[in-house]
Every structure is written in C-alpha cells, then in structure tokens.
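Notes for the one structure printed next.
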Amino acid sequence: MKIKINNKEYFFEKGETIIQIADRNGIHIPRFCYHSKLSVAANCRMCLIEQVGINKPLPACSTPAIENQEYFTNSKIAQDSQKNTMEFLLINHPLDCPVCDQAGMCELQDQAFVHGRVKSRYSYEKRVLIDYKIGPLIKTNMTRCIHCTRCVRYGEEIAGIKEFGAVGRGENLEIRTYLSSAINSPMSGNMIDICPVGALNAGPSHMKGRTWELEEIKSISPHDCIGSNMSVHVLDNNVFRVVPFENNNINEIWLSDRDRFSYEAINHNERLKKPVAKIGGRYEEIEWEQAFEIIKKNIDETKFGMSAGFISANSTIEEQYLFQKWLRELNINNIDHRVSQNYFSNVDDNLFPKIDIPIKDIEKINSILLVDSNLTYDQPILSHKIRKAYLNNAKINTIQTFNYKYNFETSESLLINPNLIIEILIDAIEYLSVITINDKTLNNFSVPEEIKKNFKGKGLTNKKIKKFCGDLLFDNSLILLGSNLKNHQDYELLKILTNIISILTKSHIGFLGDKCNEAGAWLTGCLPKKSVGLKDQKNIGLNVYESIKASLDTYIIYNLDLIDFYHYSDLKKSLSEANFVLGFHSFISDEDLNYYDLVLPLATVFESPGTFVNIEGEWQSFSNSLNPFYLAKEGWKILTKLRLVFGKEINNKFDYIDIINEVEAEIRKNKKVLNINLENLKIQKIESNTNLIRSGGYSNYFNDNIVRRAFSLNNVNNNKNTVSLNKKTLEKNNIDIEKNKVIIRQGEKSLLAELIIDENVSDNCVFMVNSNKEHYELGKQYQQILIENV
Amino acid sequence: MKNNIKINELCYATLSKENPNSYETYVSIGGYSAWKKIIANSTKPKDIIDNIIDSGLRGRGGAGFSTGRKWSFIDQNSDEIKYLVCNADESEPGTCKDRDILRFNPHALLEGMLIASYAIGAKVAYCYLRGEFIDDVYSSVKKALKDAYQNKLIGKNILDSNICIDIYDLIGAGAYIVGEETAMLESIEGKKGFPRYKPPFPAEKGLFGCPTIINNVETLASVPEIINKGSDWFNKIGTDKSAGFKCFSVSGHINKPGNYEIPLGTPFRDLLDLAGGVKNNKKLKAVIPGGSSVPVVPGDIMLETNMDYESISNAGSMLGSGAVIIMDEDTNMVEVIHRIARFYYSESCGQCTPCREGTGWMYKIIDKIIKGQATLEDFETLKSIPHMISGSTICALGDAAAMPVESFIKYYEKEFLSYISKKT
C-alpha cells in the first residue's frame, strides 16, 4: 500500500502510523511523547501534521496511514501547529538550559531551536514544583517536566513495576511517585534516557560535566551473564556516565541499573595504585620490577604441585586464557574459577552457563519453568524478555525457595525448602518418564538408574508437578536454573536433573550465571579437569574446594574478593597458613590485604580491552574506555610479562590481538557437541529432614567486586541486619514473636538480629541477606542454622 | 405563556403528575410498554436502529450526531462483548436538563437504556452520574433501578424471555472532563479521567477494549416514546434536520429560569417569553445558547434565531447541550469570560500541551486585563491563543475553552479595550 508524504510516495503496511512510516524513511517529525518502544499517548501534540482534506492537524503518532492519502509534515498547517505547541511547552518550562544537565542532548532544546520564538510572550509566574527524592540513581527536577508521560508508560509497560503516575490535573498535573516513595525497579535508569527533557537526570553524574565534552566508547556490561551492550561516556579519563548501546539481539535499548551505575567503583578508595608487598611484616608500595622479582623468588619449581590459582569469572577471556596458560606452563594444575560453588561431585557434566536459544527469541517462548531465581533483580534484561513472553500469553511457573517479586505474573508457583528441590525435580522426572514412555522421538533416552532408584511415586499424584510438566510439554518451552543455586550443595545434581527434564520435555534450557564471563572461564579451561576448549586435561588438578582444604603452599587469586568464595572462612584459614599468597586486584580492602604477600594492581574492565562470552555463546569484544588507574596494568599485559619472567619465549611483537587470535583458534575450532557423561552419578539418600536451613543470596548490588563498591547502587541495597522466617517455622522453633530480636547460630558463631515475620519464606528456612557484613562473617547460605530466643 | 407551544411532552412527561419519579406514575402514562412490546415481539435489533435513524433523533449531549447511525456502527455479527454507557455526567455550566430527567423521570431513561442495549446487543449497561448528583438524583435513579429489577424489566431472564440486560449505576468524583465520552470510559475502568485519542472510536474499541456506545441521558430517555409512537411522529416535530423535542435549561437574567422541553425550531423569542422574559424588563445583550463552551451570540441576532441545530449554527454558535444563558444590557462581558476562562483552566485534564498550558495562559491574561494591568500587546496575545488551541487537542475541551474567548473578543472587543485604556 502507498501513501504520499510531502509529495513523495512511500510504501506501508496496514496499521502503521504516519510517524512510523516517516521514521523509516528519514522524514523528520518532532515528537516528545512518542517513543517507538512505548504505547502511543498522543498527548504532547508536537507531531501534528496535515492530512489533505482534513482542516485540522492530526498527530502523526496516532494517525493510521490511509491508502493513497496525502500528508504534509512541512505545510503551513503542520508547521504552525508545531510552532504553537512549542510555544505552549515553553511557557511553563524554565529557560535555564545553561544549568540543566540535559542541555546538549535535550529534545526540547533542539525543537525550540527550530520552532521556538526568539522572545517569550508569556510574562507570568512559571509553574514551579518542589523536587522530591526518589533514590540515589535518579535526580529529579520536575519543574522541567513537560508531562509527556514516557516515564509513566515505561514503568507500566517495560519495567513492569508501576512507580510513576500523573497526579492532579490541568496546569497542576504532576508526574510523581505514589506517596513520594523511592523508585525500586532494577531498570529505573532507562527513564533517564527516555525523558526528553531535564526532569529525570542521572544522579551520580548530576552537575559534573556537559554532554558535548564527552568521548563515547562502546563497551560490554561486566555484570550479569547477558552481556548488555553499553556506551561509556568519558570525560578527562573518568567515566562520566554509561548509557545503553542499541543491540536488538540482547538488551534492545535498555540497560539495567547495575550496568549503568557500577562505573562509580572505578575510583573507589580501595583501588590499588601500585604493587603492594608485605616487607618485614608491613605493607609497602613497590615498583613493578620488584614485584616480578618477588614472584619469581617465591614461586619456584619445588612448589608447583603445592600451588593453586583461582580466577574470577568476571575477567575477560584473554585474561582467563593467559592465566591458565601461565599456570599450566609452570605445571600448576590446581586451577578453578567456580569459587562460589559449594560442593563438587565427580560427575563430569559439562553443563556450563549457557542457554540453548537466542536471547532475542525468549519473548516467543510459550511456557517457562523458573527454578529458584530472583530473576527480576538478578537478571533484569532477561526478566524483561520473559515479561515480553508473559505479555504474549506465555505460562510462567516457578519452583522457588522464596517468593521473589517478579515483573511478570506466574501462573503456578511452588514454595519449597531448598532441601526439597532435588526431591521435587526427581518427582517431575518420574511423572515425565511415565507420560513419555511411548515417545519414539526421544531416541530411547533412558533416565539413569541412579535417579530411578529415588522414584517414590509422588510425582504421579502431585498436581502442581503435573501442571509444571504439562506446561513444559508445550512446543517452545524453556527451563531456567537460577544462579543463586550455585551455593546449593547439590548444584551439579540440580543441573543434571533440569537437563534431564529438558530432554524429556524437549524444552530449551538455560543455566544462569551471575558473572559476565562464566562461559568464557569454562571455554578457556579455568578448571581443574578441563583445558582450553573443554578438552580433558591430562594432569588433573584440585578443584577450588579441595585446594582450599588441602592448605597449600602458594595461592594465586585473580580479581576476586575473599567474600566471593563460598568457603570463605576455610579460605582465610588456608591463606594465613600459606607461604606465599599472590593477588591480582583492582581493589583490595585493608582486611583482605592482610592475607596477601604481594598484590598487583589490575586494570578494571573499563581500563582494559577484552572479550566476554555471554550465556547465549555470543563473543563480544570491547576496547578500553579509560587508561589504567595510576600504575595499574591490564591483566593480559601482566600475565604476558609473567610468562616472560618464567622463561617462556614470546615474540616481542606479541600483542593483544594475538591473544584473541590464539584463543579463538583454540576454542572456535572445537565446536563439538557436549555430551553429558553420567557414569559417575551418585545421589545420596534423600531424606526429608526438618533442620533449619539458611537461604538468601546477595542483595542486587553486591554480587561482584565492582558493584560492591559502586556508591550510589549500594545506597539502594538493603543491608539491614534482619532475619526473616515464616510464622509456622517460628512456632515450631518456639520463638517468641512478640520480641523483635532473635539469636541465630551458625557453626560456632552467633549473631543477634532483628526478626521479620515473612510468609514469602519457605518452611524451615531462615532468610538472610548476604551483603550484610555481620551475615557473611557468620557463614554462607544453604547451611544448617539454629535460632533461639534472646 | 403561548398555548401553541407543546412543552414538556417527552422527557418531562411525568412532571405534571403526582410522584413523578415513581414506577407507577411512569407505567400509568404508558411507560415500559415499548420495552414490553419489543420483548413480546422479539423485534429485530436492526428494525429498532432503522426506526431511530428514521426518527431523526440526534445526540442531545452537545455534538448532535444521529443516534441511530451511532448505534449502527456496532458490528451486530461480532461475538465480542458490547457495552452501553449512559452519559449522565452533566457538567456543562448552565445545563441542568438531565438532572431533572433523572430526578423526575428516571424510568424513561432506564427504558431507553434497555431498548438501546437490546438494539446494539449489549448485556451490560452503565449509567455514569456526575459526582455532584450524589444526593437526590442518585437516590432517584437507585430507586428506579430497584423498582425496575423488582418488576423483572431488567436483569436476568427479563419477563421470562431469556434476555439478560444489567444496568449499573456509577457515580463520578466531580471532574468536568469525565463528561467527555472516552474519559468516562477510562473512569469506569477505574483509571484517571483522561480522554483517549481517536481512532479507534468507542464503537470499535471502547470500554475494556470492547465495542461501546455512549449516549446522553436525554437522548436515551427520548427513545421509548419514539418506539411507541413511531418515527414519523417524532420526525414531524421540529424542523427538517432537527427533529423532535429538546430540553433547554434557561438561566441568567430571566424571570422564570428553569428547564423547558420544546420542539426544536421554536423561535428563541418564544422560549424567552415562555421563561418570562428578561429580568426587570431590561434589554437582551447576549445569549450563550448551548452551554458555556459555545460561542456567545449578541441579543439582537439571537432574537431572530430559531432554536434548532442549523439556525444556531448559522448564528455563529452551537446548540450544544441546550443551556441557554441570558445576559441583560448591564452585563460586564469581560467579567463573564473571566469566569468562564477560569472554569476551563481548572477543568483541563492536563494531558495535551495546548489545553494544559493554553487555558491557564488565557485566564492569566484576562485576569490581568480585569485588574487593569494589561497592555495592548497582552490583548493581541490573548486574541491569538484560542486559534492556537482549537483543533489541536485530543478531546474537545481545548475547543470548548477557546471558542468562548474567541467569540467574546469578536463581539465585545471594545469592552476589553476599555479595561486596557484604563491603564495609565
């Protein structure tokens, strides 16, 4: 079908509006309320155009194109209307661009330049609104608001958490939160981007620079496993702000608050400026050359077998590759990155963080089973995709240990104690193996005997399990296993069980990670049993738990805070007994420093080029946004230098690009199908015990060493010393609910904490947030815990 | 009072009786016979709609669109749920005609709503009353609904015919803008009363996303008599294009203010006589013929005009809701528009830029003029604003605010200038 705009013909499809056709063809129509990702509001009246034959102007955003109709976006009617609207918008808008953060990227400013009057005809008092605080991330200046309601619609439609609304009417119409509450959405920062004026500004960069002074560098988010694309805006070798970079396969035009504001950590006072060594019992800043000498002296051949290296899954694939290469060249085989994992079985599962469906296709899924994931806060972008699926009528079921708040509705959810997840999944397999018994397309897949032994007949009677499984049997379904479960003692078994369910139901499956490059760490072989490309390693090393327990001579810790380790207390003990502890760190707290003999200052991801592999298996490279902090060095440079120091001959011209080539050559040629080998599968006898178990992961903004130090994000965190239990559990343990304090005991330690009665907690569960220092010093989650009256 | 004008024959037919709003009174004048006849004969909805189209009944809320044609926009063959909404949010300043229908003849409205629901295939109808009706009007409607339910004329299985139509009464919170039909739909849905942009029109996507017809109280209350007496009877009353009776709420400088239901096309002079003439025998200066949102008409033009859609349109104004505001020779027109402008300033919903900002701007300039502080430049600005607002907003409130200002300046510019020249 055809229409004419400004005397030129354009094709369109039924239902398209004029503004969509114009945008596609590069015809400029000014707008404020219209946004391609949001519903149409048609309230700003800026996009008024002329439809030939109608004597009044029509809004291009809400006017559907009519075949063979003629439109003008630049005729007198259209231009006069736009000019009039502009004048109306400006009468109450402060004309204080020089002190507004939005200046230079303000849509109103741009339009005023084209359509505005030289002098205002309005000579009355302007509307002034008192600002209110909505949290540390967004700075409001509502006097500048032009009531386009983009932020209101964003909350309702995209974030799924309705926080802003329009209060009052007429000239007193005001965009604000209900009862002045703070904004709570993990994707709230996007409202700063979609606000066309300076009403919603970024809090951390407020009044710190002008937009036209910035340099823009494309980068990749260093946090969740999605790999959101972002644009880093740099001012004088400092990150001024981070904004999304459009990638419709991953984050579209959105960015989570964690990705947007974590840059604040870069100049944290725990940043290392120079190498720090323990000399004569005191810590001193030393030169790099000295540092290499110390390393060479302390890591000698006699100790290779007695050394272990741990690297962060947040490091780039280049660093991970060189790290394992350096250590393996030294014959150090105790390499691991799975520091947050609780327990390691002997099963060789190869089930690494991945999702076997493109992220962009998740919105087309018909049914989703979510196994214990605080998805909306842990993986905001993924949660947004699932919200889209939900809006497309997908059924979303959950098995969870806590009633998490999602930005979509679940159709059925099962709240269970963490100890019972295994049992529930085995029940589900039992039910599925019965109903799929005649399914020839499964190619004689048989459930391992070890699992069959645990069938108890319960799966055939439990209605909820039948519902979950029934929904998964839909075409195009998906199971997601939450990243928090890594701390669960049976995480590996959980992966295997969910994988079997996905085979039986022919669903897609995703193992979520909470780090940005976990897939990369697996692929580069930062594992005791695997080398690059997941090839079996000849000289099998110890895993992280075994290495810690073995109390070795030398430990090398790369880009990890000690709190990142699940076996935190054991690690501290082993480190203090070790002869030499070497760290590669961007940040180090005074407390952590005490365990090291030498710490090398590492550039953060913002200061180093690199590549991350997301769960979809997408390799995304980025360049450095900043130069390294003081004398900190990029990881790949330090590791290359170390290989030289230890006698490896490396071509002088060897540079960054060669590392990528080498990694790619090793890994990309190895695109074999990964089979799971379940020969060693052993399931301990499953008993339902009624011991109290501790659960609850980190708060949203505590899960890696950068986010932990981002100032504004941490002001959003809830770090209160509270424990939550449901009423039934409290009664069973004879806790006096009248008093609001309880004593909790974990191992030998105890803590006095505030008690919250919360029915979102499952039975026999004590819910605590790990980001509180007192809480993580007490111990980690999924361990037995005791609770007593004060 | 002239005897040759038929007054209060249709919507106010029960007024002359004792207990005008009781069920018994309504039945005694033949009430509900049209509805019973339709039920008994299983009349085809299409026949009812054709009948209403033939009668020439036009919407009495203000726009004057053919009621039957509006009903015919509903796709009779679709399986979608359909709704009827009665707009009883009568808020136009000067208008009080619906209020008296609701107070004194609520059953006519209910019967009209039943017939309309039947004709468009709606099983649920809402009667949305303005917030200020909370006292006697609301109780009158409530009682009428109760009586009609008790007599099995509404509800499930009406008169054992398997027809089910439920009517719900709702009461607003007193916002003028909710009288706009799509803002009313938002309000019924529990949202803020913001008008929706069109298309899609309510007949296609209305209440809860379903096809919906919204009619004024007077329109619906006229329907039963048309069914009873036939479309020809109705069509013969009034003029060619403006058929039937219309209720006029006469107010202002008049001896007998009140509601008068007269045939359309009646000369304004006769209506003025009916209402006892201008107070204190003063000269007629100006008339706002259709509620505060329509352009003002000078008295001498108005005296030569008939009360029907076309004649008033020719006089440069609109019949609107039928609120006739009479102003005598002593009226200060600047003060009148000052008050009217303030009304629209405070009732704008704030959604569209031109209306949100423009209504306040106009009021502020007029206020400045009244205080004797305005300059000619201000007055020139005021003259340009109505043109900037009208036609560029989602709903008609923008035009409603602009038209009076424009017309007052057109006819009474001298009075404005006299305020300005006062400035020393």
**Complete:** Taking the alpha-carbon centre of each part, the distance from the stretch A:512-583 to the stretch A:27-68 in Å is 59 Å
**Highest average packing first - A:536-548, A:45-57, Cβ atoms within 10 Å** = A:45-57, A:536-548
**Message:** I'd like the mean, over residues of A:87-99, of how many other protein chain beta carbons sit within 10 Å of each residue's own Cβ.
**Reply:** 3
**Message:** What's the ranking of A:131-139, A:156-164 by average number of surrounding C-beta atoms within 10 Å, highest first?
**Reply:** A:156-164, A:131-139
**Message:** Suppose every Lys and Arg Cβ carries +1 and every Asp and Glu Cβ carries -1, with no other charges. What dipole size does the protein assembly as shown come out with about its Cα centre, to the nearest 20 debye?
**Reply:** 1040 debye
**Prompt:** Karplus couplings for the stretch B:213-227 from phi (6.51 cos²θ - 1.76 cosθ + 1.60, θ = phi - 60°), rounded to Hz, Gly and Pro as x?
**Reply:** 10, 10, 10, 6, 4, 4, 4, 5, 5, 7, 4, x, 5, 5, 5
**Item:** Average partner coverage of B:355-367, which counts Cβ from other chains inside 10 Å
**Value:** 5
**Request:** Might you report the magnitude of the Cβ-based charge dipole of the stretch B:49-166 about its Cα centre, with Lys and Arg at +1 and Asp and Glu at -1, to the nearest 20 debye?
**Result:** 120 debye
**Prompt:** Sequence-distant or interchain residues sharing an amide H contact under 5 Å with A:Cys765, placed H: which?
**Reply:** A:Ile693, A:Asn726
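Per residue of B:389-395, what is the mean number of Cβ atoms on other protein chains within 10 angstrom of that residue's Cβ?
The per-residue average across the peptide is 5.
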**Which listed pairs, of B:Lys17/B:Lys229; A:Lys467/B:Lys205; A:Lys456/A:Lys538; B:Lys17/B:Lys37, have C-alpha distances above 30 Å, in listed order** = A:Lys467/B:Lys205; A:Lys456/A:Lys538
**Message:** Just to confirm a number: summing +1 for Lys and Arg and -1 for Asp and Glu over residues other than A:Ile250 whose beta-carbon lies under 9 angstrom from that of A:Ile250, what do you get?
**Reply:** -2
**Request:** Sort B:131-142, B:91-102, A:314-325, A:614-625 for me by packing, meaning the mean count of neighbouring Cβ atoms within 10 Å per residue, highest on top.
**Result:** A:314-325, B:91-102, A:614-625, B:131-142
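Find, among the GluC sites (Glu not before Pro) in the stretch A:379-434, those assigned to loop by DSSP (not H, G, I, E, B) with at most 11 other beta-carbon atoms within 10 angstrom.
In loop regions of the stretch A:379-434 (DSSP not H, G, I, E or B), the sparsely surrounded GluC sites (Glu not before Pro) are A:Glu409.
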**Message:** Tell me which of B:Ile366, B:Leu319, B:Asn19 sits at the most positive position along the dipole axis of chain B, charges placed on C-beta atoms (Lys, Arg +1; Asp, Glu -1).
**Reply:** B:Asn19
**Message:** Suppose we keep just the DSSP beta bridges with both residues in the protein assembly as shown; what percent of those would be antiparallel, to 5?
**Reply:** 55 percent
**Message:** Only sites in a loop by DSSP and with at most 14 other Cβ atoms within 10 Å count here; which GluC sites (Glu not before Pro) in the stretch B:79-125 make the cut?
**Reply:** B:Glu80
**Message:** Ignoring everything except DSSP H segments at least 4 long, calculate the 222 nm mean residue ellipticity for the protein assembly as shown; use -39,500 (n - 2.57) per segment, divide by total residues, nearest 500.
**Reply:** -9000 deg cm²/dmol
**Prompt:** Put +1 on the Cβ of each Lys and Arg and -1 on the Cβ of each Asp and Glu in the stretch A:158-294; which of A:Asn201, A:Ala166, A:Ile183 then has its Cα farthest toward the positive end of the dipole?
**Reply:** A:Ala166
**Request:** Pick out, from A:Ser367, A:Ser507, A:Ser483, the residue whose Cα sits farthest towards the positive end of the charge dipole of the protein assembly as shown, with +1 on the Cβ of Lys and Arg and -1 on the Cβ of Asp and Glu.
**Result:** A:Ser367
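Every number in this text was worked out from the coordinates using simple rules, so none of it is lab data. Please read these numbers as outputs of a predicted model, since none were measured by experiment. All Cβ positions, even for glycine, are placed from backbone atoms using ideal geometry, and neighbour counts span all protein chains on display.
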